[in-house]
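Each remark here refers to the structure printed beneath this line.
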Amino acid sequence: MRKRLHAAGSWLLALLALGQGGCASLGFRREAVPNPLVVPTRDFESVWKATVQAVDDYFDIASENRLSRTIRTEPKMGATLLEPWYGDSADVSQRLEATLQSIRRYAIVHVEPAPSGAGLAVRVEVFKELEDLAKPDRQTAGRATFTSQFPVNRVREIVGPIPLPIGWIDKGRDAALEQVILGKIRRKLAP
């Protein structure tokens with residue numbers, strides 16, 4: 001039994017170490033893709049289609065606006081350790097975070113003419129948010145203390161500031177997932 005616990009602990013430590021180092025801990029180095037990615041072509045249609053396909057692999061697209069050259073996605077709950085088929089959590093540490101907390105991501109992508117005039121620039125912005133709950137979801141503590149009698153009907157007027165609704169806390173940009181999406185776009189457009 002002790003050997004089994006030791007082996008499970010070793011696997012857990014290896015998984016956490018992999019999550020901290022990502023592919024670099026295995027000896028793989030992922031080349032950084034510039035954001036915005038400059039594509040040396042003026043064919044807007046091919047760049048737009050490749051970008052939509054790459055973003056659609058990770059998110060459900062809410063709107064595509066070719067006139068403003070913007071793609072917006074629906075927010076998506078972060079992939080957990082139990083969902084390896086979803087790719088929106090770029091490494092193991094993000095999967096662990098999404099397993100222990102409610103994390104969601106959404107993306108805004110712009111396809112614009114490059115500032116140098118040498119093609120098109122694809123800018124990917126992935127935003128990460130943490131769920132903000134007033135109390136734990138499905139909280140059971142305290143339910144047994146209520147009686148089955150009807151409560152006294154009291155009318156209360158709100159005096160003072162109205163509390164903020166339950167929402168999401170901005171955690172900033174998710175650069176790791178941005179790099180994954182940009183790398184996929186570059187591979188799709190490579191000759």
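The values are calculated or read from the model by the stated rules, or taken from the named source; none is laboratory data. Here the structure is a predicted model, which means the values were calculated and not measured. Don't worry about glycine lacking a Cβ; one is built from the backbone with ideal geometry, like all the others, and counts go over all protein chains shown. All accessible areas refer to the heavy atoms of the entire protein, side chains included, with ligands and DNA or RNA removed. Shrake-Rupley method; radii C 1.70, N 1.55, O 1.52, S 1.80 Å.
Going through Asn65, Asn35 one at a time, which residue ends up being free of Cβ contacts under 8 Å to residues at least 12 places away in the same chain and either polar (S, T, N, Q) or open to solvent by less than 60 Å² (accessible area, probe 1.4 Å) (or both)?
Details: Asn35 fails: free of Cβ contacts under 8 Å to residues at least 12 places away in the same chain.
Just one listed residue meets the conditions, Asn65.
For segment 159-172, does any single residue satisfy the condition of being open to solvent by less than 70 Å² (accessible area, probe 1.4 Å), of a type in the set (Gly, Ala, Ser), on the phi < 0 side of the Ramachandran plot and at pLDDT 90 or above? Walk me through it before giving the result.
Going residue by residue through segment 159-172, those that are open to solvent by less than 70 Å² (accessible area, probe 1.4 Å) are 160, 167, 172.
Then keep just the ones that are of a type in the set (Gly, Ala, Ser); that gives 160, 167, 172.
Cutting the leftovers down to on the phi < 0 side of the Ramachandran plot gives us 167.
Among the residues that remain, those that are also at pLDDT 90 or above are: none.
The answer is no, given that none of the residues of segment 159-172 is open to solvent by less than 70 Å² (accessible area, probe 1.4 Å), of a type in the set (Gly, Ala, Ser), on the phi < 0 side of the Ramachandran plot and at pLDDT 90 or above.
Which of the residues that make up segment 90-139 are open to solvent by 40 Å² or more (accessible area, probe 1.4 Å) and touching a helix residue (DSSP H, G or I) at 6+ places or on another chain (Cβ under 7 Å)?
Asp91, Ser93, Leu96
Taking segment 20-47 as the region of interest, how many residues are over 24 Å from the mean Cα position of the chain (by Cα) and either modelled with pLDDT under 50 or under 14 Å from Ala90 (Cβ atoms) (or both)?
1
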